[in-house]
Each structure stands twice: as structure tokens, then as C-alpha cells.
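No value in this document is a laboratory result; all are computed from the given coordinates. Since the model is a prediction, treat every value here as computed from it, not as a measurement. In this analysis, Cβ positions are derived from the backbone assuming ideal geometry, glycine residues included, and neighbour counts consider all displayed protein chains.
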Amino acid sequence: MTGIIFANPSFLWLLLLVPAIIAYYIIRQHRTSASLKMPDLEVFNKAGTTFRNYLRHILFTLQAIAITLLINVLARPQKTDKFQDVTTEGIDIILTLDISGSMLARDFRPDRLEASKNVATEFISGRPYDRIGLVVFSGESFTQCPLTTDHAVLINLMREIESGMIEDGTAIGNGLATAISRIKDSDTKSKVIILLTDGVNNRGDIAPATAADIAKTYGIRVYTIGVGTRGSAPYPVQTPFGLQYQSMPVEIDEDILKEISGKTGGTYFRATDNDKLVQVYAEIDKLEKSKIDVRQFTRSEEKFLIPSIIVFILLALEILTRVTIYRNIT
């Protein structure tokens, strides 16, 4: 960051004298104006005004400008360059998001999937020093974005996620296994997976408990989030009349989600609405803080030389003008 500061800012109070000096000069000019009584002024009507009359106040103008600049010189203007040296112990995080058809349920605004995407986007924006990746799953799983510090790209890929991109179902074990494969070789101090789902594992060839054991082996901490209200919720159902929403029981396998988080040293959270989901991510954000060491450096460069030269030139010009053009003016 670059800016102009003053080493002796108290001298700037002297600038208040400049308007007072100007006011005094104007009053003095009115009081010292000479008057001449003549029986007839017609003789002066054709006299005109010379160039020297128009510039009669130039000496004072030069003095006022010189005084103003001199005060700034006394205040010692400096150009400062400030920069920071940031040392981080970042965290690698894989967001693992369920995109099955049930994620379109309307117990969240506008639905579970969009609410999850919006809150995850805010979470990503709040962690500029971490590498974050994205895995999605339903009946199968794939990596939407590998670990990256380019969060703008990650957020754009997050926004492109839609239910129906892959075969429907809920393969929690496969989703977790894909996330593990993306983060297991990381050499960071902390490796974290955040797994969000709204259902029960019913697809895939890897059991969630088995995937949890693998995560524990690699020292990966898994936070699990169950998304859905308690009781029933309006789910999208395809009917002969098109897509309609019908109230159906909310079924989340909380036992397996608790087992996954418990084995890996993470925590299980239940989000029953938008506000609770925001609180869950805020809690995870507090639990997984990056270590950041910031050192600030400041470099100053004196900038009074040019104003000093201008002051010298103005005073020299004022003296030269006084002893030449205006030497007969009092």
C-alpha cells in the first residue's frame, strides 16, 4: 500500500495563517488606496489600464504560494510503501457434497442443494490461505475440483453443480473414498474432509465405515453434516403431470455419519434449516483455523525536495520582479 504522510504534521496548523495573511493584505490595500481630488476627471477617462496595473499583486501572490509550500516542507512529506510478509500453515480441505435428487427438497430455501452451495461458497471465501477442493456424489462420485488456492475457479465450479449430473442414489462411502484419494498425499499439517448428505447410503461398492477407517489411517479428519428438517419435508416427485412436491419422511443415517466423524476425530452436525447450516459451517471454521504469521514492513521516501526547489524559485522570482518591473511601486 502506497501513500503520502507527514513526518512533522503539527507544522500543517501553520496553514491556517495563510487565509489570515491574505485577508490582511486585502484590507491593507483598501486602507492605503490614495485619493486625488480633481475638478474634472474627464482627463483620466482615456488613460486606460496598463499590464503592470493588472499584475500589481503578483509579488504578494508569489509570497503566499512560497509560504504555503514552505509550511509543507517543514511538515516533511514522505511517500510510504507498506507491505506484508505472510507465512501460513494452511489446511487442505475437501468439500464432499451430496447432489442426489432428494437434495432438491424444499425444507431449505430455495432447496437443500442451493442452500448448501451458497453456504459452502461463503466458507470458501473466508479461508483465502487454504487449499480447498470439491467432490460431488450421488449414485457415484467424481472430483469437481482438485485442491486449489484459486478460489474463484472453485466457486465457479461450485455454482455449476446440479442434481442429475450423475446417476441418482446416495453412495456416501464412494463419495468419502474419492475425497480421501484427493487429499491423502497432502503434506500439510491438517487434512480435513467436510461431508454433507441428506440420506442413507444405498449405492456404491465402498461401505461408509470402511472409507472412515481409510481416512483414519491417513490422519484425515472428517466433519459430517446431515441436512434436513426433522419429521417430513416436500420432496420432488416425477408424476404423469410433471414434477410435483410431496411431503415425505426425512431419513438421514445419523448413526453412520456419527461413526465416520467419531473414527476420524471430527464432529457430526445436524442442520435443520438455512440458519443452522450457516452455524454449522461457522463452527467448523472456528475448529479448523489456519496459523498465519504476518510481518509488516514500511519504507519511507522523503518528498520535500521538489517543494523546496519550488519555494526557492518563487522567492527568487519575487525578488527579481521586485527589483526590476516593480522597483518603483510602493
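Relative contact order (percent) for segment 91-289, with alpha-carbon contacts under 8 angstrom and 6 or more residues of separation? Reported relative contact order: 23 percent.
Taking each residue as 0.36 nm, the span from Q244 to W13 lengthens on full extension beyond its C-alpha to C-alpha distance by 75.8 nm. Highest-first packing order for the peptide set 111-122, 234-245, 159-170, 271-282 is 111-122, 271-282, 159-170, 234-245, based on the mean count of other beta carbon atoms within 10 Å.
Evaluate E = 1/(1 + (r/R0)^6) for S232 and D285, where r is the Cβ-Cβ distance and R0 equals 35 Å; express this FRET efficiency to the nearest 0.05. E(calc), rounded to 0.05, equals 0.70.
With the biggest extent put first, the Cα atoms of segment 91-289 measure 53, 33, 27 Å across the principal axes. Peptides 171-178, 21-28, 73-80 ranked from most to least packed give 171-178, 73-80, 21-28, packing being the mean of other C-beta atoms within 10 angstrom over each peptide's residues. Computed extension gain for Q78 through E302, at 0.36 nm per residue and net of the alpha carbon distance, reaches 80.2 nm.
Here segment 192-224 and segment 238-282 have alpha carbon centers that stand 15 Å from each other.
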